[in-house]
Structure formats: structure tokens, C-alpha cells
Amino acid sequence: MEELILFIIISIAKVVGITFVLTLPIIAYSVYAERRFAAIIQDRVGPNRAGIPLTIFGFKKDINFFGLLQPLADGLKFILKEDFVPSHVNKFFFWLAPALTMVPALVTLSVVPFGSELFGEKLVIADVSVGPLLIFAVASLSVYGITLAGWASNNKYSFFGGVRSCAQMISYEIALGLSVIPVLMHFGDLNLSNIVQQQADSGWLILPLWNESGHMFSAAFWSSPETHERLLLWIPMIISFFIFTISIFAETNRMPFDLPECETELVGGYHTEYSSMKFALFFLGEYAAMIVGSALIVTLFLGGWSIGFGADAWVISTFGDWAGLIHLGAFLTKLVAFILFFILIRWTVPRFRYDQLMKLGWVVFFELALINILIAALVMSFPHLTATEFSATAVGVVVFSGLMFYIAKSLDRMLASDTKKEAQS
């Protein structure tokens, strides 16, 4: 009974600490970081005033804290704004949609390891054995929120935004799932904590610069058979990283893939009719999804909480039970770097046309991710094949790749021709 009570207390502490103390402030200050970053790029000031309003208490000057309290001011503004619900909407689904956008993003964070161990407890809410599959399954539910928002608004612009989002997410979820298969083939595990531990021991997936034999500046590293296999696998893993990262942009509706809320075509897209905190949930849901995507990229490809170059074992031996906090800091540093990368792309890359977006997903990424699985399998099977078997398999992969792209291009040309004929008629 005591063990059960202790387990419940620890679980509640993890949920509160990781979700409410760590994640929600990161989401709030991602909005602040985006506004400040955009201001730097566009040579303007950005939010720098919101702070402690001491003047209302009779003091001569406010304390602005460089505008760091701007997220609190924005939150207060959304809470106090009028919550207007148009009379023509389907009210039940209209209210349900914002929750379906925000909640899945927060749930998926439950399986992401934020650090190694703190006093014997892993810094992950749910250390399940099917982490990536659970993330893909739950995260895909967010499309229902956007689609329902567009449909329930009973507005043609909102409806177009919802339909666009549905088609976009389905298209890029296929590429997203296929791109991660070579990663899972390499690790042979679906537990994200184990995947990070393997990278801590043998090098990050796209930076295999150390292993149990040593690091890249030692002779033992280059004489190890594991090194040569990892360097050969580096090519398909880089392709997986490239496809996965761009697909995350599309899944989170971030520039240049924000077609569901394209202001120049759809007024405001699927959330045109929303106001107050319901609009804020859509707004925060986008940033929560961006953080989940960044955390997943860091976990699968960049070692998660691992510091790298064999330093993790030294940290654990030196700091003991407090090593988890050091690893938590390493994870958050990588996470913030990727969030800033997301923001940089938004303010530097122009929006795609919708046909370009769909073509990239179906004609390029789908085929490339499928071929990449074959390349990864070929590299992993190389030590077990004879020269003849390897050559025959490689020729088969090349022929299959050429056939896939030929079929895709043929279908694309056929669709373009049909579209042109319809436009002329």
C-alpha cells in the first residue's frame, strides 16, 4: 500500500513538474521569443514594456523586465476579452475543437524523456515501450480539432481551412511515419528512454562521433567495426532527419506550411470565428505542437538529454543523484535551439502554394522516405551479405527507386494536364 501511495505521489509530481512548471511556461515564452526574434529580423523593437506596473501604486516608474511579463499580459487579455459565439455555429463542436487542438499536444509530452534520472526516478511521466507510436497516434488527433473548428464555424473560409489542414496532415503523417522507420530499425527499440541511452553510449544518430571504444580523436574509435557501420548509416539517417524535420513543420502548420490559416486567401482560416480563450487555445496549441515536434527531433536524432562525447558517464559519476538536472539542462538547451530554428524559418521562408505543398508530400517525400527505408536496410545487412548478394540487392533498390519516381512524375503530369483542361473548359 505504501509503495502504491509513493508511486501516485511521484507520478503527480512528474505531471505537475513537467507539464505545468516546465512545459506551459516554455509554450508561453515561445510566443514572446517569436515576437522578439521577429522584431530583430525586421529591425523593430518588439514587446519590451510589460512588467510590474508600479505607477498604479504611486511610484514614478514601472519595472519592465525587458518585456518578460508580456506572456502574462497576453494571457490576462485573452481571459478578459468578450467570448463571442456566433449564432450560426454548431455550438458543441465549436467549443470542443479548441480542446482537441491543445490537449493532444500536451499528452504526447508524457512519453518524452526530459532527463536521465533524478534520485532514482526517470524524468519522464510515462516510460512506455511504444513511445514514438503513442506520440504519432495521439498527435494525429489534433487534426480533428482544426477540422471540427472549420466545419462547426459554418463559414466557407473556416471550412476551407479545416479541409486544407486535414489533407495536409494526412499527407505529411505518411512521410513522417516512414521517415522514422530507419531510426527504429537501427535502435531496435521503441522506448524513447532506451533510444536516448543508446545515443549517449554510441553517439547521437546524426553525429556518430563517439562510441564505447572512444571518440573521433582516438585510434580505437576508427578501428571499431561499429564506427564503420554507423558512418555508412549516417546517409540514410540524415535523409530521415531532413524528411522528419520538414514534415514536423507541415504537421504543426508552421510557415511555410501554414495554409490552413492563410490570411491572404482565407481571412484567418479555421479559427476565423473564434475569440477570447478559445482562440488562445488554438494559438497555444500551435506552439505546444512545435515544442513536441522539437522535443521529438532532439530525442530521436540529437541524443535527447545526452551531453555527448562520453561526458554523460562522467556527469553521473560526479553529480550522482543530481545528474538528472544537468541532463535536463542539456535537453532544454537543444529544445530552445530548435524552437528558435522554427521561428527563424517562419520569418525567412515564404509560404508555399497549396499544390506545391501537396506535391512535396506525395511526389517527393513519400517516395524518398520509402526508398530511404530500403537504403537503411541495405546498409544494415551489408556485413551479412556476400558481394554478389549485396550488388544484386543494390541494383534492385536503384531500379525500384527509379520506377517509384517515374510513376510519381507520370501521375503528377497527368493530374496537371487534367487540371489545365478543366480550367480551359
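Worth pointing out:
- The helix-based estimate of mean residue ellipticity at 222 nm for the chain, built from -39,500 (n - 2.57) per DSSP H run of four or more residues and divided by its residue count, is -22000 deg cm²/dmol to the nearest 500.
- Volume per residue of the C-alpha convex hull in region 67-132, rounded to whole Å³: 165 Å³
- Environment charge at residue 378 (Cβ cut-off 13 Å; Lys +1, Arg +1, Asp -1, Glu -1): -2
- Projecting the Cα positions of 277, 178, 309 onto the charge dipole of the chain (unit charges on Cβ atoms of Lys, Arg, Asp and Glu, taken about the Cα centre) puts 277 furthest along the positive direction.
- Protection proxy ranking for 382-391, 344-353, using the average of other Cβ atoms within 10 Å per residue and placing the highest first: 344-353, 382-391.
- Relative frequency of Cα-Cα separations exceeding 26 Å in the chain, percent: 62 percent
- Cα-centre dipole for the chain with unit charges at Cβ (Lys and Arg positive, Asp and Glu negative), debye to 20: 1460 debye
- Ordering 368-376, 7-15, 294-302 by mean Cβ neighbour count within 10 Å, with the highest value first, yields 294-302, 368-376, 7-15.
- Here the residues 16, 111, 163, 315, ranked from fewest to most Cβ neighbours within 10 Å of their Cβ, fall in the order 16, 163, 315, 111.
- Listed peptides 148-154, 326-332 by packing density, highest first (mean Cβ within 10 Å): 148-154, 326-332
- Point-to-point label distance, residue 49-residue 394, nm (Cα→Cβ direction, 7 Å offset): 6.6 nm
No value in this document is a laboratory result; all are computed from the given coordinates. Computed from a predicted model, the values in this text were never measured in an experiment. With ideal geometry, Cβ positions are generated from the backbone for all residues, glycine too; neighbour counts draw on all protein chains shown.
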